[in-house]
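One structure is given below, encoded as structure tokens.
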Amino acid sequence: MDRLQAMTAFVRVVESGSFSAAARLTHLPQPAISYAFTQLQRPLRVYLRLRSALGLPPTAAGTRYFQRVARLLLHQ
């Protein structure tokens with residue numbers, strides 16, 4: 001998966017609140033979404049989301065990244 005697809009997957013995870021829902025929206029397997037998410041975090045050296053009983057809320061860094069990436073994807 002290229003970086004643009006990974007960023008799209010990230011936006012879908014944040015919008016939908018789960019990897020499974022993002023997988024359905026992007027027509028990709030759930031493990032591919034999870035892997036893309038991990039690959040985005042690695043070079044940034046930050047966690048983009050938290051694991052909690054309430055789902056997958058983004059961290060503060062994740063929220064900032066989401067806002068930038070969502071804007072970038074809208075301008076394509």
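The values are calculated or read from the model by the stated rules, or taken from the named source; none is laboratory data. Here the structure is a predicted model, which is why all the values come from computation and not from measurement. All Cβ positions, even for glycine, are placed from backbone atoms using ideal geometry, and neighbour counts span all protein chains on display. Protein only, heavy atoms only, side chains kept; ligands, DNA and RNA dropped before computing areas. Shrake-Rupley method; radii C 1.70, N 1.55, O 1.52, S 1.80 Å.
The sum of -39500 (n - 2.57) across all DSSP H runs of n ≥ 4, divided by the residue count of the chain, sets its helix-only mean residue ellipticity at 222 nm to -21500 deg cm²/dmol. Here each label is just a point 7 Å from Cα along the line to Cβ, and for THR59 and ARG71 those points are 2.2 nm apart.
Between the amide H of ARG49 and those of THR59, distances stay under 5 Å, these residues lying 5 or more places away or on another chain, with hydrogens modeled in the peptide plane. The residues of the chain present an accessible area of 66 Å² per residue when probed at 1.4 Å with all protein chains retained. For the chain, the calculated P(r), taken from all Cα-Cα distances in 10 Å bins from zero up to the bin holding the longest distance, is 20, 59, 20, 0 percent. The stretch between LEU50 and TYR35, if pulled fully straight at 0.36 nm per residue, gains 3.8 nm over its current Cα-Cα span.
If you roll a 1.4 Å probe over the range 17-76 with all protein chains in place, what percent of the accessible area is carbon or sulfur? Result for the range 17-76: 60 percent of the exposed heavy-atom area is carbon or sulfur.
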